[in-house]
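Reading through the structure tokens given below for one structure.
Each value in this text was obtained by applying a stated rule to the coordinates, not by laboratory testing. Treat the numbers as computed from the prediction; the structure is a model and nothing was measured. A quick note on method: Cβ atoms are made from the backbone with ideal geometry, for glycine too, and the neighbour counts reach across all protein chains shown.
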Amino acid sequence: MSERARVNTVTDHGCFGCGERNPIGLKLAFFRDGEAVEAEFTPRPEHEGYAGLVHGGIISALLDEAMSWAVIASGRLAVTAQMSLRFRRPVEGGTPVRVRGRVIEERGRIVEARGELVDGDGTVLAEASGTFVRVREDQQRAWEERYREH
């Protein structure tokens, strides 16, 4: 994936999904893939729910982060307003997965996105849809100043 452009280049903060400063975070690195963004992730033992399986909350966080970065890659910062998730197959700990997100529709400040978590064979393990609300201009500027490279 390193040949593609990385979307989240500023990682020196505490975000649970993408920040490098969070010792228990997921540390996701998102890259553009056409109209979508994607990241690779290998669940560790501390991400476990039932023995050997990844906790549903971690799966939810992966999909929320992917959809959010898809929205951010479109040029505006947004927050999650609603998310719907479907678990299709168990996600095993220690097994590399890929999480993808893409924007489906934009209506003013509202952005609809979709995400999916797939295994190495491309089998969909979980999928989500989300509604995101773009932040006000003043909030956008403040967060860009804090999180983005200039």
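Tabulated data for the structure shown
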quantity: Amide H within-cut-off set for Asp33, under 5 Å, with H built and near neighbours excluded; calculated: Glu38
quantity: Stretch gain in nm, segment Asp138-Ile104, where the contour uses 0.36 nm per residue and the Cα spacing is subtracted; calculated: 9.7 nm
quantity: Diffusion coefficient, µm² s⁻¹, Stokes-Einstein with Kirkwood Rh over alpha-carbon pairs of the chain at 37 °C and 0.692 mPa s; calculated: 211 µm²/s
quantity: For segment 28-78 versus segment 82-111, the gap between their alpha-carbon centres in whole angstrom; calculated: 7 Å
quantity: Sorted peptide list for 120-133, 65-78, criterion being average Cβ within 10 angstrom, highest first; calculated: 65-78, 120-133
quantity: Peptides 87-95, 136-144 ordered by average Cβ neighbours within 10 Å, highest first; calculated: 87-95, 136-144
quantity: Degrees, to the nearest 10: 56-73 long Cα axis against longest axis of the chain; calculated: 30 degrees
quantity: Leu85, Leu26, Leu62 arranged by Cβ crowding within 10 Å, fewest neighbours leading; calculated: Leu85, Leu26, Leu62
quantity: Pairwise FRET efficiency - Ser74 versus Ser129, Cβ, R0 = 22 Å, nearest 0.05; calculated: 0.85
quantity: Selected from Val91, Gly75, Ala5, residue furthest toward positive end of dipole (the chain; charges at beta carbon); calculated: Gly75
quantity: Model label zone, Gln82; criterion: amide N under 13 Å from point 7 Å along Cα-to-beta-carbon; scope segment 106-129; calculated: 110-113, 129
quantity: Leading residue at positive end of dipole, the chain (Cβ point charges), from Leu63, Thr123, Phe41; calculated: Leu63
quantity: Within segment 33-147: Cβ-based charge dipole about Cα centre, in debye rounded to nearest 20 (Lys, Arg +1; Asp, Glu -1); calculated: 340 debye
quantity: Alpha-carbon Rg/Rh ratio, for segment 1-88, with Rh computed the Kirkwood way; calculated: 0.96
quantity: Degrees, to the nearest 10: 137-147 long Cα axis against longest axis of the chain; calculated: 60 degrees
